[in-house]
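See below for the structure under consideration.
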């Protein structure tokens, strides 16, 4: 999926604080307007693929 390979580097912890992520980390799927489409404490490709199929127009 085009654009799905982008990673947000959160060096100052701003996003971690905003979304309540623990120090252990998490993965979030965000829309451009910062709406949280999905979040995981542990991420796997199957769940990411399913969330992308739900979030993106067909």
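Using C-alpha pairs below 8 Å separated by at least 6 residues, the relative contact order for the chain is 20 percent. Arranged from fewest to most other beta-carbon atoms within 10 Å of their beta carbon, 31, 39 become 31, 39. Where q = 0.25 Å⁻¹, what log10 of I(q)/I(0) comes from the Debye formula for the stretch 14-55, counting one point per Cα? Reported log10 I(q)/I(0), two decimals: -0.91. Every helix of 4 or more DSSP H residues in the chain counts as -39500 (n - 2.57), and over all residues that averages to -8000 deg cm²/dmol at 222 nm. In terms of other Cβ atoms within 10 Å, 33, 44 run from fewest to most in the order 33, 44.
Each reported figure results from applying straightforward, stated rules to the coordinates on display, with no laboratory input. Everything numeric in this text was worked out from a predicted model, so none of it was measured. Because the Cβ atoms are built from the backbone with ideal geometry, glycine has one as well, and the counts that use them run over all protein chains shown.
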